[in-house]
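A.B. asks: Before I ask anything, let me first share the structure, which is written out below as structure tokens.
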Amino acid sequence: MKFSVPIFDVKNLSFVLKEQTILSNISLEIFPSEYIAIIGPNGGGKTTLIRMLLGLEKPTSGEVRIYGKKFSHFKDWHKIGYVPQRASLIDSSFPATVLDIVKMGRTSQRSIFKPLSKLDRELVDDAMAKMDISDLKNKMVGTLSGGQRQRVMIARALASKPEILILDEPNTGVDVGSQKRFYALLRELNQKEGITIVFITHDIGVIADDIARLFTINQKAIICNNPKQALSCEEMSELYGIEAHLLHVHKHEH
Amino acid sequence: MFEMFEYDFMQRALFAGVIIAILASISGTFVVLRRYSLIGETLAHSALLGVAVGLVAEYNPLWSAVVFALLSAWLIEYLRSAFALYSDAVLAILLSGSLAVAIIIVSLGGAFNNSLFSYLFGSILSVSSEDIVVIALFGTLSLGVLLLFSKEFYFIAYDEEVAKTSGIKVNILNFVLVSVVAIIIALSIRVVGSLLIGALMIIPTIAALQFRVGFLKTVFISLTFSLFSVLAGMALSFHFSLPSGATIVLCIIGIFILSLVANRR
């Protein structure tokens, strides 16, 4: 895996805003087909890091390369699917059906003179089918539940046929039952479709068994290559800035 | 009822009105969805500054209105992006500034007259053949741009950052949209007037949004409301000798109230 070109190659990245250091000297790589969770305390710089990966913020120092290229030279944005934190908090009066939203995923790859092609329609239908929202396609998106909206946003990202999906706290506003199904869906996209998944989460307990790598961000980054070996108390304490204790829970098989 | 179609000036006014209704409602949909409703008012006042310059310079004010509205639109986008100022504050400053300079120019140039009044409130009598050519030319151009980039404008209105990360040239398209809106505003002030054009751009879309339907249906409903309001307003203006801008806006407000009541939950 590590011999391939990284999708993102971050070197010595720092971000200072109004004399406050948000990120300090972060270096990391994200390779194709990885399944990565990003955790850390609120205000620790997780979202800022993702925004820099996507070119939405400029670093104070350091560099991000995307598929080996600088942002100014990168053109294949359809390879990147992004689902922002507020995705499920949709303005309920916005005039959009589920189909309207998922079709947006094809916008950047369509010529300005061309209507939706057969391939575009197939990819839109396929994305809705994967997210199990085909029967909702004519519903107004503002009338859907948090979990359904979240699936619509991911379907929009999938419609562009991305190689990597970046999700910022995708479970905001979603009930606990939907969260487990959601993580299973992400894992399936990673394993069956080979899509690289990177997501910010606070649900470390829910995902610990599945993730391949864990980035813990609090100004600095701690890269954990074997998340099944839980972070030590010292590392957790350092990360969250409070004293952490491990609580062992014994599971019984029935 | 149909006698108004026998007059040349009414034919010109109706032609201009139909084009403006189409342009204002389609561009208005994007403006409202981007929560940029005040831009219409500001650009209308900048267009009025152009009218003042045109009147004093004894040049067709419609041309100078287009130029000044465009310059104002670009300045708004530049100030918004380069100085991270609040959008509504930028709009308020330019609105007042444009009006202040316009008043001084017409005052110094002695152009406070009926002609200026017609640009403030709209007049169906004042649409000339040259105006029709300007409206048709720029109107077709603006409509073409709106239709060509409608899917991009819609995406940006929904989520600007995701649109940007999907490879859409958001900054350029923002400039294109405000430029088109500026042209449409400038073209509209003959018929609707600079003080009232904002309403023609915004209210049909707000009324259409009450129906809670998808994007294309919203645009279609807004377009229907806009066309009906312009035609009904002009007919009322003709029969009762009232300023056309005011009658058109009252028709739109009537439709808005009906839409609100019909879709009450």
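Bear in mind these aren't lab numbers, they're just calculated from the coordinates by the rules spelled out. Just so we're clear, the structure is a prediction, and the values are computed from it rather than from any experiment. Every residue, glycine among them, receives a Cβ derived from its backbone with ideal geometry; neighbour counts consider all protein chains shown.
A.B. asks: Using DSSP, restrict attention to beta bridges with both residues in the protein assembly as shown and report what percent are antiparallel, rounded to the nearest 5.
C.D. replies: Details: 19 of 36 bridges.
Antiparallel: roughly 55 percent of the beta bridges in the protein assembly as shown.
A.B. asks: Another question about this same structure. Return the average number of partner chain Cβ atoms within 10 angstrom of each residue Cβ along peptide A:95-102.
C.D. replies: Numbers: counts 20, 8, 5, 1, 2, 7, 5, 0.
Mean partner-chain Cβ count within 10 Å for A:95-102: 6.
A.B. asks: Still on this structure: Which listed residue (A:LEU99, A:LEU144, A:ALA127) has the Cα farthest towards the positive end of the charge dipole for the range A:78-211, taking +1 on Lys and Arg C-beta and -1 on Asp and Glu C-beta about the Cα centre?
C.D. replies: Looking along the dipole axis, the top candidate is A:LEU99.
A.B. asks: How would you order B:17-26, B:131-140 from highest to lowest mean count of nearby Cβ atoms within 10 Å? All intermediate terms of the calculation are to be shown ahead of the outcome.
C.D. replies: Details: B:17-26: 25.5, B:131-140: 17.2.
For the peptides B:17-26, B:131-140, the packing ranking is B:17-26, B:131-140.
A.B. asks: In whole percent, what relative contact order does the range B:17-66 give with Cα contacts below 8 Å and a gap of six or more residues? Each step should come with its number before you reach the end.
C.D. replies: On the way: 28 pairs, mean separation 11.8, N = 50.
Relative contact order comes out at 24 percent.
A.B. asks: Suppose every Lys and Arg Cβ carries +1 and every Asp and Glu Cβ carries -1, with no other charges. What dipole size does the protein assembly as shown come out with about its Cα centre, to the nearest 20 debye? Walk me through the numbers before you get to the answer.
C.D. replies: Values: 45 positive and 42 negative charges, 153 e Å.
Dipole magnitude for the protein assembly as shown comes out near 740 debye.
A.B. asks: Under 8 Å for C-alpha pairs, at least 6 residues apart: give me the relative contact order for the range B:2-260, rounded to a whole percent.
C.D. replies: Working: 409 pairs, mean separation 80.8, N = 259.
Computed value for the range B:2-260: 31 percent relative contact order.
A.B. asks: Given the convex hull over the Cα atoms of the protein assembly as shown, what projected area results after averaging over all orientations, in nm²?
C.D. replies: Details: hull surface 117.8 nm².
With the hull built on Cα positions only, its mean projection is 29.5 nm².
A.B. asks: Putting +1 on Lys and Arg Cβ atoms and -1 on Asp and Glu Cβ atoms, find which of B:ALA208, B:LEU62, B:ILE189 reaches farthest to the positive end of the dipole of the protein assembly as shown.
C.D. replies: Of B:ALA208, B:LEU62, B:ILE189, it is B:ALA208.
A.B. asks: Using Cβ counts within 10 Å as a stand-in for footprinting exposure, how do B:MET4, B:MET234 rank, fewest first?
C.D. replies: Details: B:MET4 17, B:MET234 24.
Placing the least packed residue first, the sequence is B:MET4, B:MET234.
A.B. asks: Of all DSSP beta bridges located in the range A:78-211, what percent are antiparallel, nearest 5?
C.D. replies: Numbers: 1 of 10 bridges.
Expressed as a percentage, antiparallel bridges in the range A:78-211 total about 10.
A.B. asks: Place +1 on the Cβ of every Lys and Arg and -1 on the Cβ of every Asp and Glu in the protein assembly as shown, take the dipole about the Cα centre, and give the residue among B:ALA24, B:PHE228, B:LEU148 whose Cα lies farthest towards its positive end.
C.D. replies: Positive-most Cα among the choices belongs to B:LEU148.
A.B. asks: By its C-alpha gyration tensor, with a ≥ b ≥ c as the square roots of the eigenvalues, how is chain B shaped: rounded for a/c under 1.5, else prolate for a/b larger than b/c, else oblate? Could the numbers behind the result be given before it?
C.D. replies: On the way: a/c = 1.76, a/b = 1.14, b/c = 1.54.
Here chain B falls in the oblate category.
A.B. asks: With N denoting the number of residues in the range A:78-211, provide Rg(C-alpha) divided by 2.2 N^0.38 Å, to two decimal places. It would help to have the intermediate numbers written out before the result.
C.D. replies: On the way: Rg = 14.4 Å, N = 134, 2.2 N^0.38 = 14.1 Å.
It is 1.02.
A.B. asks: Alpha carbon centre of the range A:180-200 versus the range B:69-146: separation in Å?
C.D. replies: Taking the Cα centre of the range B:69-146 as reference, the centre of the range A:180-200 is 52 Å away.
A.B. asks: Quick check for me: using +1 on Lys/Arg Cβ and -1 on Asp/Glu Cβ, what's the dipole size of chain B about its Cα centre, in debye to the nearest 20? Don't skip to the answer; put the middle values down first.
C.D. replies: Working: 12 positive and 13 negative charges, 161 e Å.
For chain B, the charge dipole is close to 780 debye.
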